[in-house]
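Notes follow the structure.
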Amino acid sequence: MNIGFIDYYIDEWHANNYPDFIRQSPLGARMKVTHAWDQGPQPGKKPLDQWCRDMGVTQARTVEEVIAKCDAIIVLAPDNVETHEALADLPLRSGKPVYIDKPVAPSRAAAKRLFDKAAAHKTPMFSSSALRFSSELHAALSSPLKNAPPDFISTRGGGDFSIYAIHQYEMIVKVMGVGAQRVMMTSSQAAPGLAIDYGNGRFASMNVAWGHPFQLSAAYKGTGKEAVVLNQIDDFFPQFIEAMLTFFETRQSPVRAEETLEVAGLIEAGEAALKRPFEWVAVGR
């Protein structure tokens, strides 16, 4: 199976590493990144022709060429979510499975437009942060607690909020489900944090601080319930890549659209909340 890359600029971490991750996957023997196109180089970044030579990938002259010559499409631009709608337009009209890198869109409305376009053209579509697929989180949710969503979850992780908060949102939605009602910024700009209110006494909290490992804890009430505590979450890319490649083969997304839309709504509300500390901001529907 030929896989094509479509990117805003190709010399970025995901494009530079996904080809090797795919080769190393149990499914890698029958899948390969063969073509790539980007919108144009950025200062200090490799141009597409050089990147393709270095990576052993064919340089496509147009998005249409990637679609024509590949069986599955990855729309990248992980740090430029504002470009996803334009970059994904033709792929989502192709009928071929399309993975859109995290986060899917900067707002819930934009995310819904992507899903609606995919549905109209019978194009399988999938988007997620890799953190959702961590082996540590999977093991924790495989315990008897998995049958009862927690009453409270707290997550922590590093990086810039606008780029890396998605990883925590993804874990929160996977564990808590959909239905977040409102968010509030509750900490300093040095380590932005949010409270997320689900109603009925259920809450989540998250903090993004440079240099902090990904962590998660969840509290359950009721007789016989125990806490889930994950002090280190770092085994996720192999499982994520396998999920993506399986999606390309089966055309079945491993993540419900409702959950991806929830993540997009939380991203949108969270960005607004950072500008209005200690005020509740509604999560859009």
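The values are calculated or read from the model by the stated rules, or taken from the named source; none is laboratory data. Predicted model, so just to flag it, every value in this text is computed and none were measured. All Cβ positions, even for glycine, are placed from backbone atoms using ideal geometry, and neighbour counts span all protein chains on display. Heavy atoms of the whole protein, side chains included, go into the accessibility calculation; ligands, DNA and RNA do not. Shrake-Rupley method; radii C 1.70, N 1.55, O 1.52, S 1.80 Å.
Please give the number of the condition Lys96 fails out of (1) farther than 25 Å from Glu271 by Cβ; (2) of a type outside the set (Ser, Thr, Tyr); (3) in contact with a strand residue (DSSP E or B) (Cβ under 8 Å, 6 or more places away or on another chain); (4) not in a loop (DSSP other than H, G, I, E, B).
Lys96 satisfies all of (1) farther than 25 Å from Glu271 by Cβ; (2) of a type outside the set (Ser, Thr, Tyr); (3) in contact with a strand residue (DSSP E or B) (Cβ under 8 Å, 6 or more places away or on another chain); (4) not in a loop (DSSP other than H, G, I, E, B) except (4).
Which residue pairs have Cβ atoms under 7 Å apart, sit 6 or more places apart or on different chains, and have a first residue in segment 118-134 that is free of Cβ contacts under 8 Å to residues at least 12 places away in the same chain and a second that is crowded, with 21+ Cβ neighbours inside 10 Å and not charged (D, E, K, R)?
Filtered contacts from segment 118-134: no entries.
For every residue, the table says whether it meets (1) of a type outside the set (A, V, I, L, M); (2) within 29 Å of Phe248 (Cα to Cα).
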residue	(1), (2)
Lys122	yes, yes
Ala130	no, yes
His138	yes, yes
Ala148	no, no
Ile153	no, no
Gly157	yes, no
Asp160	yes, no
Lys174	yes, yes
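So Lys69 passes all but one of these: (1) within 13 Å of the chain's Cα centre (by Cα); (2) open to solvent by 20 Å² or more (accessible area, probe 1.4 Å). Which condition number does it fail?
In the conditions (1) within 13 Å of the chain's Cα centre (by Cα); (2) open to solvent by 20 Å² or more (accessible area, probe 1.4 Å), Lys69 misses (1) alone.
Give the number of residues within segment 72-90 that are modelled with pLDDT of 95 or more, open to solvent by 70 Å² or more (accessible area, probe 1.4 Å) and in contact with an Asp or Glu (Cβ under 8 Å, 6 or more places away or on another chain).
Within segment 72-90, residues that are modelled with pLDDT of 95 or more, open to solvent by 70 Å² or more (accessible area, probe 1.4 Å) and in contact with an Asp or Glu (Cβ under 8 Å, 6 or more places away or on another chain) number 0.
Every residue, every condition in (1) open to solvent by less than 30 Å² (accessible area, probe 1.4 Å); (2) free of Cβ contacts under 8 Å to residues at least 12 places away in the same chain; (3) of a type in the set (Ser, Thr, Tyr); (4) not in a strand (DSSP E or B), yes or no:
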{"residue": "Ile163", "(1), (2), (3), (4)": "no, no, no, yes"}
{"residue": "Lys174", "(1), (2), (3), (4)": "no, no, no, yes"}
{"residue": "Ser187", "(1), (2), (3), (4)": "no, no, yes, yes"}
{"residue": "Tyr198", "(1), (2), (3), (4)": "yes, no, yes, no"}
{"residue": "His212", "(1), (2), (3), (4)": "no, no, no, yes"}
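Do you know which residues across segment 222-271 are without any contact (Cβ under 8 Å) to a residue 40 or more places away in the chain, over 14 Å from the mean Cα position of the chain (by Cα) and either under 18 Å from Ala105 (Cα atoms) or part of a helix (DSSP H, G or I) (or both)? Steps first, please.
Taking segment 222-271 as the starting set, the residues that turn out to be without any contact (Cβ under 8 Å) to a residue 40 or more places away in the chain are 223-224, 227, 229, 231, 250, 256.
Then drop every residue that is not over 14 Å from the mean Cα position of the chain (by Cα), which leaves 223-224, 227, 229, 231, 250.
Within segment 222-271, just Thr250 meets the criteria.
Looking only at residues that are aliphatic (A, V, I, L, M) and over 15 Å from Ile267 (Cα atoms) in segment 177-208, which one is modelled with the lowest pLDDT?
So the first thing to find is which residues in segment 177-208 are aliphatic (A, V, I, L, M), and the list is 178, 180, 183-185, 190-191, 194-196, 204, 206, 208.
Imposing the further condition that a residue be over 15 Å from Ile267 (Cα atoms) reduces the set to 190-191.
Details: Ala190: 76, Ala191: 84.
Out of the qualifying residues, it is Ala190.
Buried (at least 17 other Cβ atoms within 10 Å of the Cβ), closer than 24 Å to Phe115 by Cα and among the hydroxyl-bearing types (Ser, Thr, Tyr): is that true of Thr250 in this structure?
Details: buried (at least 17 other Cβ atoms within 10 Å of the Cβ): no; closer than 24 Å to Phe115 by Cα: yes; among the hydroxyl-bearing types (Ser, Thr, Tyr): yes.
The answer is no for Thr250.
Could you please find all residues in segment 19-51 being crowded, with 20+ Cβ neighbours inside 10 Å and within 23 Å of Asp89 (Cα to Cα)?
Val33, His35, Ala36, Trp37, Asp38, Leu48
On the phi < 0 side of the Ramachandran plot, small (Gly, Ala, Ser) and modelled with pLDDT under 95, is that true of Ser127? Explain how you work it out, then say what you get.
Details: on the phi < 0 side of the Ramachandran plot: yes; small (Gly, Ala, Ser): yes; modelled with pLDDT under 95: no.
No; evaluated as a whole, the condition is false for this residue.
Looking at segment 269-285, which of the residues that are under 13 Å from Phe161 (Cβ atoms) and of a type in the set (D, E, K, R) is most open to solvent (accessible area, probe 1.4 Å)?
Ranking the qualifying residues of segment 269-285, first place goes to Lys275.
If you take the residues in segment 135-181 that are closer than 18 Å to Asn207 by Cβ and among the polar types (S, T, N, Q), which one is farthest from the chain's Cα centre (by Cα)?
Residue satisfying both the conditions and the ranking: Ser154.
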